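The values are calculated or read from the model by the stated rules, or taken from the named source; none is laboratory data. In this text the structure is predicted, and so the values were computed from the model without any measurement. Ideal geometry is used to build each Cβ from the backbone, glycine not excepted, and the neighbour counts take in all protein chains shown. SASA here: full protein model, heavy atoms, side chains in, ligands and nucleic acids out. Shrake-Rupley method; radii C 1.70, N 1.55, O 1.52, S 1.80 Å.
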Amino acid sequence: MLFKNLNLYRMGEVIDRDRLVAFLDENPFTPCLKSQERSAGFTEVVGLNERVFTVSGCHLFCLMVEEKKVPAGAIKTALNKEIQEREKKENRRLKRDEKKALKEEIKARLLVNFPPQAKDTWAYIDTKNRLLVINSSSRKTGDAIATALRGALNDGILYQIRPQHEVSKKMTFWVSEDQAPEPFSLGDKCMIGDGDGTIRYRNRHLKDEKLQEYLRDDLFVSELALVMGERSQCTLTEDFMIKEFALSDVAMADLDAGTGEPLELLQGDMVLMSDEVNKLLENLLKALGGEASGEEDEVVAEEDE
């Protein structure tokens, strides 16, 4: 299993495997009930009777989320109909709080008719580097997992990794100079903007004159494709998230798949991937002035609206 996205967090302490297993076991995934809108919890790793797969000091685990989404149009149609019927029957206008309560009743009623949609998000803890890596391009999803895991830590320290330098300014400089710091080279795509809108460049040389003109007009690079030597490639974002992470054929040649059994394949993937992620993170932080102190930054998951 190779991650495509790297949502990166630093942990204040090395988490004990038994404590992690106990915590995940206390928060298992259970499917949505008929009237339930959302259910989330940790699942067992396929092929194991446990929720944690450990290899080379890395603990792999999975969060499963099941949701039922009722189309807003269906709720609105049913709500308008019931409001009209009640107002006609009671010969009065419904109050705002009555309409709100009625809307929730209708939503709960309709939930029974919609099948849940499941999504799994994999993550691993690198105990050697006090690193939490989440395979998601969503900061909201990453923060939700990180916030949950804080409950398994004695010191509760868990924060997003940030570099010393502002990522957007450095990426804008690299594209303007048509050169990235070693061991990186520029990829063939980027996204630029000014805060009000964005322009995407794909499969084009980043020395494109129109792109350079935009940068001279104070637009900035918010996402940039980078290639790290012969080992990997990724897209770096302005908030220091890594998307579209992929290992090269050169790196994949080092994969030890054992006999090809599923768990041996998983073990080989984890050993290779965690090593390459560490190399990528180390080089990115070096290119961006090192890692900023973040122990006082509290990770807080956003509430669902």
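The set of residues in the stretch 209-218 that are open to solvent by less than 30 Å² (accessible area, probe 1.4 Å) and free of Cβ contacts under 8 Å to residues at least 40 places away in the same chain comprises L211, Q212. Scanning the stretch 20-32 for residues that are open to solvent by less than 70 Å² (accessible area, probe 1.4 Å) and assigned to a loop (DSSP other than H, G, I, E, B) yields N27, F29, C32. Among residues of the stretch 231-243 that are at positive phi, those with a beta-carbon under 7 Å from a residue that is part of a strand (DSSP E or B) at least six positions away or on a different chain give the pairs F240/P163.
Among the residues of the stretch 87-112, write down those that are under 25 Å from Q36 (Cα atoms), in contact with a helix residue (DSSP H, G or I) (Cβ under 8 Å, 6 or more places away or on another chain) and open to solvent by less than 80 Å² (accessible area, probe 1.4 Å). Within the stretch 87-112, K99, L102, I106, K107, L110 meet the criteria. Residues in the stretch 171-208 that are in contact (Cβ under 8 Å) with a residue 12 or more places away in the chain, farther than 19 Å from F245 by Cβ and in contact with a Gly (Cβ under 9 Å, 6 or more places away or on another chain): I199, L206.
Do we find a residue being open to solvent by less than 60 Å² (accessible area, probe 1.4 Å), more than 22 Å from the chain's Cα centre (by Cα), in contact (Cβ under 8 Å) with a residue 24 or more places away in the chain and within 30 Å of L102 (Cα to Cα) anywhere in the stretch 55-74? Within the stretch 55-74, one or more residues are open to solvent by less than 60 Å² (accessible area, probe 1.4 Å), more than 22 Å from the chain's Cα centre (by Cα), in contact (Cβ under 8 Å) with a residue 24 or more places away in the chain and within 30 Å of L102 (Cα to Cα). Of all residues in the stretch 250-273, those that are over 23 Å from I125 (Cβ atoms) have Cβ atoms under 8 Å from Cβ atoms of residues that are loosely packed, with under 13 Cβ neighbours inside 10 Å and among the charged types (D, E, K, R), 6 or more apart or on another chain, in V250/E230. When the criteria are applied in full, S35 fails the requirement of being within 22 Å of F245 (Cα to Cα), open to solvent by 40 Å² or more (accessible area, probe 1.4 Å) and touching a residue at least 24 places away in the same chain (Cβ under 8 Å).
Looking only at residues in the stretch 226-251 that are open to solvent by 10 Å² or more (accessible area, probe 1.4 Å) and farther than 17 Å from K279 by Cα, the one that is nearest to the chain's Cα centre (by Cα) is D239.
Within the stretch 1-32, the set of residues being of a type in the set (D, E) and free of Cβ contacts under 8 Å to residues at least 24 places away in the same chain comprises D16, D18, E26. Filtered by the rule that a residue be acidic (D, E), open to solvent by 20 Å² or more (accessible area, probe 1.4 Å) and in a helix (DSSP H, G or I), the stretch 257-286 gives E264, D269, D275, E282. Being surrounded by fewer than 13 Cβ atoms within 10 Å (Cβ to Cβ) and in contact with a helix residue (DSSP H, G or I) (Cβ under 8 Å, 6 or more places away or on another chain) is not true of G197. Do we have any residue at all in the stretch 106-119 that's in contact (Cβ under 8 Å) with a residue 40 or more places away in the chain, out of contact with any Asp or Glu (no Cβ under 7 Å at 6 or more places or on another chain) and in a strand (DSSP E or B)? There is at least one residue in the stretch 106-119 that is in contact (Cβ under 8 Å) with a residue 40 or more places away in the chain, out of contact with any Asp or Glu (no Cβ under 7 Å at 6 or more places or on another chain) and in a strand (DSSP E or B).
Taking the criterion of being among the hydrophobic types (A, V, I, L, M, F, W, C), modelled with pLDDT under 90 and open to solvent by less than 50 Å² (accessible area, probe 1.4 Å), would at least one residue in the stretch 125-138 satisfy it? Checked the stretch 125-138: no residue is among the hydrophobic types (A, V, I, L, M, F, W, C), modelled with pLDDT under 90 and open to solvent by less than 50 Å² (accessible area, probe 1.4 Å). Only one of the numbered conditions (1) open to solvent by 80 Å² or more (accessible area, probe 1.4 Å); (2) without any contact (Cβ under 8 Å) to a residue 40 or more places away in the chain; (3) assigned to a loop (DSSP other than H, G, I, E, B) is not met by Q84, and that is (3).
When the stretch 147-166 is limited to residues that are over 27 Å from K286 (Cα atoms) and in contact with a Leu (Cβ under 7 Å, 6 or more places away or on another chain), the one that is surrounded by the most Cβ atoms within 10 Å (Cβ to Cβ) turns out to be L149.
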